[in-house]
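> Could you have a look at this structure, given as structure tokens, before my questions?
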Amino acid sequence: MRIERELMRGAGPVAVLKLLARQPMYGYELVEALSQQTDGVLAMGQSTLYPMLYNLEGKGQIKAFWREARSGRQRKYYRLTKKGKARLADSTAQWEALWRAMRGLGLVGDGVAVGDTAS
Amino acid sequence: MSGETANVDAGRDSFWRRLTYTPLRDVVRGRMTGRLDVDAAMDHCRLPEALRDLIRRVIRKTRLTRIEKAEVARELAGHFEDGLASGATATALADAFGDVTTAAKLIGRARRRGRPAAVKMIRWTAQGVGAVFGLLLFVYVWFAVKLLVSEPNITRDYVAEFNAKIAEIPESDRAWPIYREAFLGIRDVQRRMSQCRSERPESDAWAECGALLEAHAEQIALYHEGAAKSHLGVFLNDTADRQLDNPGASPNAETNPTLFGLILSHPNILRVGARLLHVDARHAMASGDGDRALSDVRAVLQMVEHASESGFVIDQLVATFMLSESAVFVLELLRDRAELLSDGQLAELSHRLAGARGGGALRLDLDMERLAFEDFLQRYYTDDGDGDGCLTVQWRELCSSYGAGTHQTAIADDPVMSALAPPALSAIVAGRLEMGARYERHLNLVEQELQLPLWERGESWSDAVTEALWSNRLRQVRFLPLAVLMPSFSRAGFILELATQRRDAALVAIGLELFRRRTGEYPGSLEELTPRFLPQVPPDRYDGAPLKYRLVDGIPVLYSVGVDRDDDGGRLPKADRPSRAIEYASNWRPPSAIVATSDDPSPLTVHDGDWVLWPPVEDPVERPR
């Protein structure tokens with residue numbers, strides 16, 4: 001399913017923050033995780049992901065670091081910062097409120113997985 | 001921390017290339033990493049050409065710094081390598097990447113947003129400064145081009161117009177060729193002749209001066225001959241004249257020369273001739289030859305009219321000087337050898353003096369100045385057909401020629417400034433219409449001031465306007481041509497007033513002599529001279545009241561109250577010599593500048609005493625010890 005850009009704009013960064021909340025990840029890993037764990041709904045190309053990562057990094061919500069991969073080359077990882085955690089918590093609360101509101105309208109039903117509600 | 005280790009095989013790149021692409025901090029640490037070389041990194045990474053090319057295209061469009069580009073390239077390369085390692089094909093990875101242009105735009109924007117605030121500030125400041133500089137440079141270039149392509153439209157040849165009028169005068173009526181010939185005969189002794197002016201019969205050099213006169217009797221006769229002509233008839237820009245009293249000067253070979261740049265030889269030649277005749281007149285007086293003395297004075301007064309003919313201010317001032325000197329001589333003649341002249345001769349002398357330079361109070365005619373400025377405008381400004389125009393590049397030569405020693409020296413003398421400044425200055429300097437109007441306003445102010453008699457004058461308005469021009473740097477630049485060409489006329493006006501006073505004194509002295517001859521004694525007041533011996537009592541130029549007159553032991557004393565405007569009964573100020581006392585008394589200053597009078601004045605006070613006009617005073621002859 002193709003999600004409208006405006007919805008992606010709000011969901012994409014939160015999804016990335018959520019993934020990074022579990023563990024630091026590198027760019028390709030994030031792309032794969034977003035695609036697989038959302039059944040392709042939040043799949044995004046590198047031309048979308050990397051600008052998003054740079055924006056989050058600019059806001060101080062994630063931080064980049066280099067680590068040597070098994071292959072021996074340097075790989076750039078991203079991890080969540082304290083600021084990022086705060087934003088994630090805030091966004092999670094908003095999404096939960098939104099979900100409840102939409103459920104109240106009958107737009108969404110029971111059994112829709114929203115993932116972990118808190119970190 | 002940020003992937004400092006380069007993926008670049010430094011050994012495969014040239015030293016200079018690596019140096020060019022190595023960050024400064026790495027160079028300082030002695031490490032030629034070359035990690036800013038994205039192209040080299042792409043060449044060396046283990047990706048298919050299609051993906052490497054994609055990365056290069058993205059990076060190129062991001063408009064990031066070299067360091068940022070290198071980091072992004074490294075990250076994207078790592079992403080594709082991870083993708084290939086996980087089994088994706090290069091094609092699939094390239095397709096999944098997204099639009100290159102959009103990606104580059106978004107990546108660039110995001111990275112720029114993420115820059116530290118200090119870096120952003122520096123970049124904005126640099127961009128701002130660059131933008132301002134670029135704008136200024138554009139404006140400068142625009143004005144430079146405008147200046148270079150601007151050409152003046154010279155429509156009038158003022159010198160030719162002047163000479164055309166001279167050409168209408170029959171050659172037989174022109175005095176100039178005769179004066180020129182006379183001057184050539186005394187050119188080498190003119191300095192000595194000038195010194196003879198102050199010699200008296202009792203001085204040691206008197207005989208030597210007499211011999212000099214005898215040796216140059218031919219030149220004296222030539223000056224008389226020239227003075228008898230009805231016109232001066234001098235052509236402007238005559239090549240032969242240019243070198244007459246400036247042997248080192250090169251002939252002015254240009255046609256249609258500037259009016260204000262002309263070298264005028266005739267003022268000096270006339271002045272030298274007048275000096276010669278005055279010296280001859282003194283010797284004639286000493287030897288009892290009244291006819292010759294009168295003839296000399298008559299010739300000088302005619303030369304005064306000749307000197308005024310061209311209309312240049314310098315000529316009028318020379319004419320005024322010659323008239324003033326003639327009046328002084330007449331006063332001395334009347335004091336020492338009045339008997340040499342008959343009643344008729346004295347009456348003739350009186351008429352000639354009274355009528356010299358148009359009679360009445362001496363005035364300056366500024367029409368030639370106006371023409372000279374019009375000439376300037378047509379040579380250094382364009383002409384849009386409506387009287388306006390902008391400065392042309394030719395004005396640089398004007399500043400170089402006339403700037404030395406004046407306020408605009410800083411521009412004219414500095415070669416860099418004089419090369420770079422014109423476009424910038426042309427943006428500031430007033431246009432033709434405004435410049436002409438400003439000049440005309442100033443000249444009108446000067447004329448109004450010069451029309452006032454001395455006793456009605458205060459601080460000079462025109463000098464105040466000129467000072468105001470100099471005091472404001474922007475105005476000074478805006479009206480730079482005025483700063484170059486505008487002389488100060490207040491001093492000229494003062495010179496004319498003093499000459500008028502001396503001439504009036506000579507007229508009164510003639511009247512007193514004629515009265516004495518008729519009645520056997522001097523009058524009790526000057527009113528007794530009118531109207532028979534004097535049309536009216538001349539005013540004291542310092543207070544506007546009639547000239548002051550007293551009889552002291554039967555001897556008349558004629559005087560002006562002088563600069564202190566205080567009637568001291570004809571007493572001269574205290575000074576080490578009489579000529580200095582006259583100078584003290586007559587050196588005009590505006591009433592507002594007078595704080596007090598004293599016998600020992602400072603710059604804020606003036607000398608206490610009167611300007612004695614008759615009998616004339618002179619310094620005693622100095623004899624060698």
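> Extending each Cα 7 Å along its Cβ direction at B:Val119 and B:Asp388, get the distance between those two points in nm, one decimal.
If labels sit at B:Val119 and B:Asp388, their model points lie 5.1 nm apart.
> Right, next: For B:Arg517 and B:Gln448, what does the FRET efficiency come to when R0 = 60 Å and r is the distance between their Cβ atoms, rounded to the nearest 0.05?
Details: r = 43 Å, r/R0 = 0.72.
Here the calculated transfer efficiency is 0.90.
> Long-range amide H contacts for B:Leu364: which residues qualify at under 5 Å (H placed 1.01 Å from N, peptide plane, sequence gap of 5 or more or a different chain)?
Hits under the 5 Å cutoff: none.
> Can you figure out the FRET efficiency of B:Ile594 with B:Asp291, using R₀ = 45 Å and their beta-carbon distance, to the nearest 0.05?
The calculated FRET efficiency here is 0.45.
> Could I have the simple spin-label model distance between A:Ala86 and B:Val149, label points 7 Å from Cα toward Cβ, reported in nm to one decimal?
Each label point is offset 7 Å from its Cα along the Cβ direction, giving 6.1 nm.
> What is the mean number of Cβ atoms from other protein chains located within 10 Å of the Cβ atom of each residue in peptide A:70-81, rounded to a whole number?
Rounded to a whole number, the mean comes out at 3.
> Report the relative contact order of the range A:8-119, percent, no decimals, based on alpha-carbon pairs under 8 angstrom and at least 6 residues apart.
Relative contact order comes out at 25 percent.
> Around B:Val313, with a cut-off of 13 angstrom between Cβ atoms, what is the net charge of the other residues, counting Lys and Arg +1 and Asp and Glu -1?
-2
> Could you work out the mean count of beta carbons from other protein chains within 10 Å of each residue's beta carbon in B:89-101?
2
> Hey, got the average number of other protein chain Cβ atoms within 10 angstrom for residues in A:40-51? Spell out each step's value before the answer.
Numbers: counts 0, 0, 0, 1, 2, 8, 14, 13, 5, 4, 12, 12.
Counting other chains' Cβ atoms within 10 Å and averaging over A:40-51 gives 6.
> Of the DSSP beta bridges with both residues in chain B, give the percent that are antiparallel, rounding to the nearest 5.
Looking only at bridges with both residues in chain B, the antiparallel portion is about 70 percent.
> I would also like to ask the following. What distance in nm separates the simple spin-label points at B:Lys574 and B:Asp43, each placed 7 Å from Cα in the Cβ direction?
9.9
> Suppose every Lys and Arg Cβ carries +1 and every Asp and Glu Cβ carries -1, with no other charges. What dipole size does the protein assembly as shown come out with about its Cα centre, to the nearest 20 debye?
For the protein assembly as shown, the charge dipole is close to 7500 debye.
> Bin width 10 Å, origin at 0, all Cα-Cα pairs of chain A: what percent of pairs per bin?
Bin by bin from 0 Å, the calculated values are 12, 43, 33, 10, 2, 0.
> Positive end of the dipole of the range B:64-118, charges at C-beta (+1 Lys, Arg; -1 Asp, Glu), about the Cα centre: which of B:Ala103, B:Thr65, B:Gly83 has its Cα farthest in that direction?
Of the listed residues, the answer is B:Thr65.
> Once phi is turned into ³J(HN,Hα) by the Karplus curve 6.51 cos²θ - 1.76 cosθ + 1.60 with θ = phi - 60°, what whole-Hz value does each residue of the range B:34-40 show in order, with x for glycine and proline?
x, 7, 8, 8, 5, 4, 5
> Let me ask you something else. Please list, in order, the residues from the range A:29-54 whose amide nitrogen is less than 14 Å from a point placed 7 Å along the Cα→Cβ vector of B:Gln127.
Within reach of a label on B:Gln127: no residues.
> Additional query: For the range B:495-510 and the range A:30-88, compute the distance between their C-alpha centroids and round to whole Å.
Computed from Cα coordinates, the inter-centre distance equals 104 Å.
> Further question: Please compute the length gained on full extension between B:Leu19 and B:Glu618, using 0.36 nm multiplied by the number of residues separating them and subtracting their Cα-Cα distance.
Length gained between B:Leu19 and B:Glu618: 206.8 nm.
> Continuing with the same structure: When you count, for each residue, the other Cβ atoms within 10 Å and take the mean per peptide, how do B:367-376, A:94-103 rank with the highest first?
Ranked by mean Cβ neighbours within 10 Å, highest first: B:367-376, A:94-103.
> For B:Val141 and B:Ala85, compute 0.36 nm times the residue count separating them, minus their Cα-Cα distance, and round to one decimal in nm.
Stretched fully, the B:Val141-B:Ala85 segment lengthens by 14.4 nm.
> A follow-up question, please. Tell me the angle of helix B:490-519 to the major Cα principal axis of chain B, expressed in degrees between 0 and 90 and rounded to the nearest ten.
The angle comes out near 0 degrees.
> Okay, moving on. By a straight-distance test (C-alpha under 26 Å), which lysines pair with B:Lys229 as possible cross-link partners, with residues fewer than eight away in the same chain excluded?
Candidates past the 8-residue exclusion: B:Lys165.
> Hey, got the Cα dimensions of the range B:487-588 along the principal axes, in Å, largest first?
For the range B:487-588, the Cα spread along each principal axis is 48, 31, 20 Å.
> Using the reciprocal of the averaged 1/r over all distinct C-alpha pairs, how large is the Kirkwood radius of chain B in Å? All intermediate terms of the calculation are to be shown ahead of the outcome.
Details: mean 1/r = 0.0318 Å⁻¹.
Result for chain B, one decimal place: 31.4 Å.
> Roughly how much of A:Ser71 is accessible, in Å² to the nearest 10, using a 1.4 Å probe?
About 90 Å², rounded to the nearest 10.
> Please give the helix B:290-308 orientation as an angle from the longest Cα principal axis of chain B, in degrees from 0 to 90, rounded to the nearest 10.
30
> Keeping every protein chain in place, order A:Lys63, A:Lys85 by accessible area at 1.4 Å, biggest value first, i.e. largest first. Walk me through the numbers before you get to the answer.
On the way: A:Lys63 90, A:Lys85 125 Å².
From most exposed to least exposed: A:Lys85, A:Lys63.
> Over 25 Å between Cα atoms, which of A:Lys18/A:Lys63; A:Lys76/B:Lys69; A:Lys83/B:Lys61; A:Lys18/B:Lys69; A:Lys85/B:Lys61; A:Lys83/B:Lys69 qualify? Don't skip to the answer; put the middle values down first.
Details: A:Lys18/A:Lys63 14 Å; A:Lys76/B:Lys69 15 Å; A:Lys83/B:Lys61 31 Å; A:Lys18/B:Lys69 28 Å; A:Lys85/B:Lys61 33 Å; A:Lys83/B:Lys69 27 Å.
Correct reply: A:Lys83/B:Lys61; A:Lys18/B:Lys69; A:Lys85/B:Lys61; A:Lys83/B:Lys69.
> Further question on the same structure: Just to verify a number: FRET efficiency for B:Ser198 and B:Leu474, C-beta to C-beta distance, R0 = 60 Å, to 0.05?
The calculated FRET efficiency here is 0.75.
> In the protein assembly as shown, with Lys and Arg counted as +1 and Asp and Glu as -1 at Cβ, which of these residues, B:Phe162, A:Gly27, B:Ala175, has the Cα nearest the positive end of the dipole, that is, farthest along it?
So the residue we want is A:Gly27.
> Another question, if that's okay. Against the longest principal axis of chain A, how steep is helix A:46-58, in degrees 0 to 90 to the nearest 10, with axes from Cα atoms?
Computed tilt is about 80 degrees.
> Solvent-accessible area of B:Arg541, probe 1.4 Å, all protein chains present, reported in Å² to the nearest ten, please.
Approximately 10 Å² for this residue.
The values are calculated or read from the model by the stated rules, or taken from the named source; none is laboratory data. No experiment lies behind these values; they were computed from the predicted model shown. Ideal geometry is used to build each Cβ from the backbone, glycine not excepted, and the neighbour counts take in all protein chains shown. Accessible surface is based on the protein model in full, side chains and every heavy atom, while ligands, DNA and RNA are left aside. Shrake-Rupley method; radii C 1.70, N 1.55, O 1.52, S 1.80 Å.
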